[in-house]
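Read through the structure below, which is laid out as structure tokens, and then see the notes.
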Amino acid sequence: MMEAIRGFWVASVTPLATDGSVDSTKLAAHAKQLFSRGIDGVVLFGTTGEGTSFTAAERIATIEAVLKAGVAPERIGIGGGFPAITDGIALTRAVLGLGLRHVLLLPPYFDRNVTPEGIEDAFAAIIDGVGDDRLRASLYHIPQVSGVVIPTSVAANLRKRYGKVVAGLKDSSGDFKQFQAFHNAAPDLAITVGNEADIARAIAAGGAGTICGMANVVPELVKAMVDGKDVEARMQAAIDVVVKTPSLVATLKAILAAQTGDASWLRVRPPLRALSDGAAFQRKLDALMAPAIA
């Protein structure tokens with residue numbers, strides 16, 4: 001079983017039923033079709049999956065359903081980390097009991113004035129509270145969304161304290177210099193990037209791969225980045241199509257609705273609002289994908 005998240009993983013969107021609950025059947029099918037297109041694994045309930053809009057109980061129930069649908073536990077990671085440490089412990093213990101090992105841990109994300117020592121204490125409290133050597137945690141650095149920076153010293157200290165239990169770090173800052181700083185401070189960590197335009201250079205510099213959202217809609221283009229092909233300009237143009245909108249998540253879902261002809265993909269949880277112009281976004285992506293990537 002993989003000791004850390006490596007290779008090509010998707011930060012999956014979360015399909016919803018009419019009542020706003022997770023459509024676990026559709027989520028499992030989405031994961032399986034991504035696997036058929038060269039993806040190594042999926043992370044559920046991350047930023048792209050509207051993770052902070054779902055309780056720990058909802059996430060656990062979804063994992064149970066996705067596993068029953070035939071998705072292998074070693075190919076699933078789950079977004080964790082809560083303002084309440086006890087919620088992080090409970091979620092992590094539960095998914096370990098279901099056979100998962102990969103949990104992405106956000107720092108507590110309400111208080112923006114915490115010290116590096118406090119952030120390290122919070123992560124340590126979760127790991128100590130779980131108390132299970134099966135855990136392969138990845139620290140999740142996305143300060144432009146969470147409002148809380150994970151200092152490089154904290155990443156390095158936690159790796160030293162807990163060894164392989166702190167297996168990796170996902171850097172979604174979009175700043176390649178930040179990736180380099182993490183890699184230099186903690187070279188034993190498997191560091192993945194969330195910014196698709198940085199994938200090739202990060203892997204070349206010793207990165208472990210990617211966990212990214214664009215792979216929900218253009219997996220072949222992301223795979224080309226993972227394989228080191230010269231498609232960065234196309235990748236950046238594709239990113240620009242979706243980020244220059246009110247909501248990245250709602251836009252990805254609108255594109256999936258256009259790709260599949262299934263309008264139920266449009267559903268999002270408040271405070272997001274659904275978008276309905278996925279076909280227009282898809283036409284822009286189609287133009288970027290032609291000619292086909294060799």
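Each label point is 7 Å from the Cα along the Cα-to-Cβ direction; what then is the distance between the points at Ala233 and Glu58, in nm? Each label point is offset 7 Å from its Cα along the Cβ direction, giving 4.3 nm.
If you plug the beta carbon distance of Phe110 and Ala287 into 1/(1 + (r/R0)^6) with R0 = 41 Å, you get a FRET efficiency near 0.45. Taking R0 as 22 Å, what FRET efficiency do you get between Ala65 and Lys32 from their Cβ-Cβ distance, rounded to the nearest 0.05? The value I calculate is 0.95. In segment 1-46, inverting the average of 1/r over every pair of distinct C-alpha atoms gives 11.5 Å as the Kirkwood radius.
Packing-based ranking of 120-132, 10-22 yields 10-22, 120-132, ordered from highest to lowest mean Cβ neighbour count within 10 Å. Which shape class applies to segment 66-224: rounded if a/c is under 1.5, otherwise prolate when a/b exceeds b/c and oblate if not, where a ≥ b ≥ c are the square roots of the Cα gyration tensor eigenvalues? Oblate, since a/c reaches 1.5 and b/c is not below a/b.
Given the options Leu98, Leu27, Leu248, which has the most mean-square fluctuation in a GNM of the chain, springs set between C-alpha atoms less than 10 angstrom apart? Taking springs between Cα atoms under 10 Å, the residue moving most is Leu98.
Dividing the radius of gyration of the alpha carbons in segment 145-218 by their Kirkwood radius gives 0.97 for Rg/Rh. GNM remark for the chain: springs join alpha carbons under 10 Å apart, and the peak mean-square fluctuation among Leu44, Leu275, Leu135 falls on Leu275.
Both numbers refer to the Cα atoms of segment 49-128; Rg and Dmax are 13.2, 43 Å. From the alpha carbon centroid of segment 123-193 to that of segment 80-105 is 15 Å. At 0.692 mPa s and 37 °C, plugging the Kirkwood radius over alpha-carbon pairs of segment 1-100 into Stokes-Einstein gives what diffusion coefficient in µm²/s? So the translational diffusion coefficient is about 241 µm²/s.
Across the alpha-carbon atoms of the chain, the computed radius of gyration and Dmax are 17.9, 52 angstrom. Against the empirical 2.2 N^0.38 Å (N residues), segment 196-287 has a Cα radius of gyration ratio of 1.13.
Pairs of Cα atoms nearer than 8 Å and 6+ residues apart set the relative contact order; for segment 208-294 it is 27 percent.
Rule-based calculations on the coordinates, nothing more; no lab input. All figures in this text were calculated on a predicted structure; none of them were measured in a lab. Quick reminder, even Gly has a Cβ in these numbers, built from the backbone with ideal geometry, and neighbours come from all protein chains shown.
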